[in-house]
Every structure is written in C-alpha cells, then in structure tokens.
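A.B. asks: One structure coming up, written as structure tokens, with questions to follow.
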Amino acid sequence: MKAVVHERYGPPEVQELREVARPEPAEDELLVRVRATTVNQTDCHRRAAKQVFWRFLEGFLRPKQQILGTEFAGEVEAVGSAVTGFRPGERVFGWGWNAAAHAEYLCVRESALVVHMPDGMPFEEAAAICDGAYQGLAALRVANVGAGTRLVVYGASGSLGTAAVQFARHLGAHVTAVCTAKDVELVLSLGADEVVDYLREDFTRNGQVYDVVVDAVGKYAYTKCRRSLRPGGIYVATDRLRNLFLRYWTRWFDSRTVVFQAEYPTRDDLLFYKSLIEAGEYRAVVDRTYPLEDVVEATRYVESWQKTGNVVLTVA
Ligand SMILES: NC(=O)c1ccc[n+]([C@@H]2O[C@H](COP(=O)([O-])OP(=O)(O)OC[C@H]3O[C@@H](n4cnc5c(N)ncnc54)[C@H](OP(=O)(O)O)[C@@H]3O)[C@@H](O)[C@H]2O)c1
C-alpha cells in the first residue's frame, strides 16, 4: 500500500509517499481502508520535533512512529475473528495518536477510538471531526465552561477554535470570538455571540471583563489577557511550555489561574461529537482538501498558521 513516511525529523519535505507493507488486522482489530485523513498541528509538531519535549515523546534521534496522521475516515475492509461491532463495508471515523492514517490502510482495535460515521456525511468532513473537537472540548471542560460563562475564544477560526465556539454555544456560554474579518461570517454561523477582529481591535482593551479566555492558537500570552479576566477568571493555554510554569505560579500567587488543556478523547467523546453532528449542532470546518500525494504542500499550508478549520488529505 502507499503511505507517507518520514524517517527523520525536519521540514515538510522529509515526508515521502512510499510503498510499504499493508498491516494485517489482529483478531480484535478492524482493517480500515482510509478515504480521508488530515494534516494537523499535532502532525507538524511531531514531524518537526523542534522542542526537546517532542524528542522525548517521539524518539531522540529518529521518529519511532514514521507514518503520521491521527484522524481518519474510511470503510471497514476486513475484521478480525473476535470483532463483533463492525462489519466489512461499514463507514467509520476515528482518532489515535499512532493511528498512522497517512496511508491507504490502517488497523485499529475495536475497543479503541473508532465509531460509525454520521449518516450522509462525506469522508472529507468525517476525517476532520476529532482533532479540533477533542482539544476544543477539553479546553472548555478544564475551565468548567457552562451556561452563562462569559468566554473569549482567541483564534476562533482554527481547528480547535471552530470546535470550541460550537461546544461553548451548546453549553450555553456567551462567546466572544477573536479572528480576522475573513472569518467573521463563519464564526457567527458556528454560534459566536460577538466577534472581534484582532487586526483592528485588542479585545483586552474593550472594557469588557470575561470569566474564561481560551487561547486556541497559542498566540496571545496570559500576561496580556490578565487585565480582561475577572478575579477568579481562567486562562486556558493550548500551547507554549511557559504556560506549564504559569499554571503553578498563578495557582499560588495570582487571583486568576492559568490551566493547560491536555486530555485525550474517549470513545464516549466520539459518540458525543457524532450525536451533536446528527442533531445539527456541530460540524467539522474544512478549509482545503489535497490528495495524499500532495502531503508536503498540505503541510506547508498548515504550517502557515492561516488555515480556517481543518486541512484534509483524500486517499484515492
Ligand atoms: N495541547 C495539545 O494536545 C495540542 C495538540 C496539538 C496542537 N495543539 C495546539 O493547539 C493550538 C490550535 O491548533 P489548531 O490546529 O486549532 O490551529 P490552526 O487551525 O492551525 O490555527 C490556524 C488559525 O489560527 C489563526 N491565527 C493565526 N495567527 C493568529 C494570531 N496571531 N491571532 C489570532 N489568530 C491567529 C488563523 O486565523 P487568521 O489567518 O485569520 O489569522 C487560523 O485560522 C495550537 O497552538 C497547537 O499547537 C495543542
């Protein structure tokens, strides 16, 4: 089968489309024919491994996991003898840190993060459900966002941001979305109550006070946000190691708190996303779609930090 392989860390060009052995499903696994996957910031961090943190996770000298791709949608090609909940031909989507979804086929345990696709959904959209959704939901959960919470989603047009806006609306929060003019209509359609264009206005200087700020793109520091958080307010970080230090500092020495969003999804989470999609309350926003063989170009676009929602790879 064809797969995108990177044998060393480096720029997008270290990725190559190659012929590799097709995986064989164990007795408790499904063999999935991948129809669509994504290039997300997690893939980029892992491939570039610029910070030593990523070398701890991925291997110091060379990547242990040489096929990336955490999200997938496709058709069940075959099932192991002990699999009872899936049959060949069924359409599924899922997520896995080592899913190795940048390939024509992958194997996944029946008990892992794989569920049936929402009816009528194209593979391109189903592949893009999980990464933004799990991070967006985790960001709201860690800050106890609920009905009436006055919330800012900074970077509301990204994968995590578009997900956070939709879940926040579902939870009944009052959402101020921060993005640029090109995405105002989009974030309003996703449920934002107010939109601030960060190129024209600094939301921390508009006189408003918020309960929670989610920095969905890791680009607005806590020290700048602090003035627009009420005492007891929470800043949710999604990136930057300095926030791990601030998490402890603010807990002991500050009247506002920094928390870090870091939580993997569960199977129940995937079923929750699916139920919201079927109820018309959630959608995965897809920006550009590339064929698998254009993975380098797709990756360059993701690393431009200008994508709106998600970037999808289709697998012929
Ligand atoms: N904690 C974890 O487990 C984990 C895992 C993976 C990724 N992450 C982090 O999660 C964050 C979100 O990832 P993502 O995939 O959602 O990002 P993304 O989709 O790639 O973000 C792109 C969006 O960010 C906006 N943006 C870029 N620069 C901005 C700025 N200075 N101010 C405001 N908006 C800006 C862009 O809008 P414009 O073009 O309009 O500026 C674009 O829509 C990242 O920080 C990533 O590193 C965390």
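A.B. asks: Only one of these conditions is not met by Cys225: (1) surrounded by 19 or more Cβ atoms within 10 Å (Cβ to Cβ); (2) part of a strand (DSSP E or B). Which number is it?
C.D. replies: (2)
A.B. asks: So Lys219 ticks every box in (1) on the phi < 0 side of the Ramachandran plot; (2) at pLDDT 95 or above; (3) assigned to a loop (DSSP other than H, G, I, E, B) but one. Which box is left unticked?
C.D. replies: (2)
Residue-wise test of (1) in contact with a Lys or Arg (Cβ under 6 Å, 6 or more places away or on another chain); (2) within 11 Å of the ligand (Cβ to nearest atom); (3) among the basic types (Lys, Arg); (4) not in a helix (DSSP H, G or I).
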position: Ala128; (1), (2), (3), (4): no, yes, no, yes
position: Gly136; (1), (2), (3), (4): no, yes, no, no
position: Ala139; (1), (2), (3), (4): no, yes, no, no
position: Ala156; (1), (2), (3), (4): no, yes, no, yes
position: Leu160; (1), (2), (3), (4): no, yes, no, no
position: Arg169; (1), (2), (3), (4): no, no, yes, no
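A.B. asks: Identify the residue in the stretch 105-138 that is buried (at least 19 other Cβ atoms within 10 Å of the Cβ) and acidic (Asp, Glu) and, among all such residues, is nearest to Arg46 (Cα to Cα).
C.D. replies: My answer is Asp131.
A.B. asks: Of the conditions (1) more than 8 Å from the ligand (Cβ to nearest atom); (2) in contact (Cβ under 8 Å) with a residue 40 or more places away in the chain; (3) within 19 Å of Asp211 (Cβ to Cβ), Phe123 fails just one. Which one is it?
C.D. replies: (3)
A.B. asks: Checking Arg150 against (1) of a type outside the set (A, V, I, L, M, F, W, C); (2) surrounded by 14 or more Cβ atoms within 10 Å (Cβ to Cβ); (3) more than 13 Å from the ligand (Cβ to nearest atom); (4) without any contact (Cβ under 8 Å) to a residue 40 or more places away in the chain, only one condition comes out false. Which one?
C.D. replies: Arg150 satisfies all of (1) of a type outside the set (A, V, I, L, M, F, W, C); (2) surrounded by 14 or more Cβ atoms within 10 Å (Cβ to Cβ); (3) more than 13 Å from the ligand (Cβ to nearest atom); (4) without any contact (Cβ under 8 Å) to a residue 40 or more places away in the chain except (4).
A.B. asks: If I go through the stretch 1-41 residue by residue, how many of them are in contact with a Cys (Cβ under 8 Å, 6 or more places away or on another chain) and part of a loop (DSSP other than H, G, I, E, B)?
C.D. replies: Of the residues in the stretch 1-41, 4 are in contact with a Cys (Cβ under 8 Å, 6 or more places away or on another chain) and part of a loop (DSSP other than H, G, I, E, B).
A.B. asks: Taking the options Val178, Val184, name whichever one is in a strand (DSSP E or B) and under 20 Å from Gly136 (Cα atoms). Before the answer, list the steps.
C.D. replies: Values: Val184 fails: in a strand (DSSP E or B).
When all the criteria are applied, what remains is Val178.
A.B. asks: Among the residues of the stretch 84-100, is any among the aromatic types (Phe, Trp, Tyr) and surrounded by 22 or more Cβ atoms within 10 Å (Cβ to Cβ)? Before the answer, list the steps.
C.D. replies: So the first thing to find is which residues in the stretch 84-100 are among the aromatic types (Phe, Trp, Tyr), and the list is 86, 93, 95, 97.
After this cut, where a residue has to be surrounded by 22 or more Cβ atoms within 10 Å (Cβ to Cβ) as well, the list is 93, 95.
Checking the stretch 84-100: at least one residue is among the aromatic types (Phe, Trp, Tyr) and surrounded by 22 or more Cβ atoms within 10 Å (Cβ to Cβ).
A.B. asks: Turning to a different aspect of this structure: Any residue at all in the stretch 182-191 that's within 11 Å of the ligand (Cβ to nearest atom), hydrophobic (A, V, I, L, M, F, W, C) and either at pLDDT below 95 or touching a Ser or Thr at 6+ places or on another chain (Cβ under 6 Å) (or both)?
C.D. replies: Here is the first cut: in the stretch 182-191, the ones within 11 Å of the ligand (Cβ to nearest atom) are 182-184, 186-187.
With hydrophobic (A, V, I, L, M, F, W, C) added as a condition, the list becomes 184, 186-187.
With the extra rule that they be either at pLDDT below 95 or touching a Ser or Thr at 6+ places or on another chain (Cβ under 6 Å) (or both), the set shrinks to none.
So far as the stretch 182-191 goes, no, none of its residues is within 11 Å of the ligand (Cβ to nearest atom), hydrophobic (A, V, I, L, M, F, W, C) and either at pLDDT below 95 or touching a Ser or Thr at 6+ places or on another chain (Cβ under 6 Å) (or both).
A.B. asks: Tell me which residues, restricted to the stretch 228-261, are part of a helix (DSSP H, G or I), modelled with pLDDT under 95 and not β-branched (Val, Ile, Thr). Outline the logic, then answer.
C.D. replies: Just the residues of the stretch 228-261 that are part of a helix (DSSP H, G or I), to begin with: 228, 242-253.
Then keep just the ones that are modelled with pLDDT under 95; that gives 242-253.
Within the stretch 228-261, Arg242, Asn243, Leu244, Phe245, Leu246, Arg247, Tyr248, Trp249, Arg251, Trp252, Phe253 qualify.
A.B. asks: To continue, here is another question. Restricting the stretch 268-299 to residues that are assigned to a helix (DSSP H, G or I) and β-branched (Val, Ile, Thr), which is farthest from the chain's Cα centre (by Cα)? So that I can check it myself, show each step before the final result.
C.D. replies: Of all residues in the stretch 268-299, those assigned to a helix (DSSP H, G or I) come to 268-278, 292-299.
Those left that are additionally β-branched (Val, Ile, Thr): 277, 295-296, 299.
Details: Ile277: 16, Val295: 18, Val296: 19, Thr299: 15 Å.
Once the filter is applied, the top-ranked residue is Val296.
Table: residues versus (1) within 12 Å of Ala103 (Cβ to Cβ); (2) in contact with a strand residue (DSSP E or B) (Cβ under 8 Å, 6 or more places away or on another chain); (3) touching a residue at least 60 places away in the same chain (Cβ under 8 Å); (4) not small (Gly, Ala, Ser).
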residue	(1), (2), (3), (4)
Val20	yes, yes, yes, yes
Glu27	no, no, no, yes
Val34	yes, yes, yes, yes
Cys44	no, no, yes, yes
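A.B. asks: Could you tell me which residue of the stretch 235-271 is surrounded by the fewest Cβ atoms within 10 Å (Cβ to Cβ), considering only residues that are touching a residue at least 40 places away in the same chain (Cβ under 8 Å) and away from the ligand (no atom under 16 Å from the Cβ)?
C.D. replies: So the residue we want is Leu271.
A.B. asks: Taking the stretch 23-71 as the region of interest, how many residues are in contact with a Phe, Trp or Tyr (Cβ under 7 Å, 6 or more places away or on another chain) and of a type in the set (A, V, I, L, M)?
C.D. replies: Adding up the residues that qualify gives 7.
The values are calculated or read from the model by the stated rules, or taken from the named source; none is laboratory data. Computed from a prediction, not measured in an experiment: that's the story for all the values here. Every residue, glycine as well, gets a Cβ built from its backbone with ideal geometry; the counts of neighbours run over all protein chains shown.
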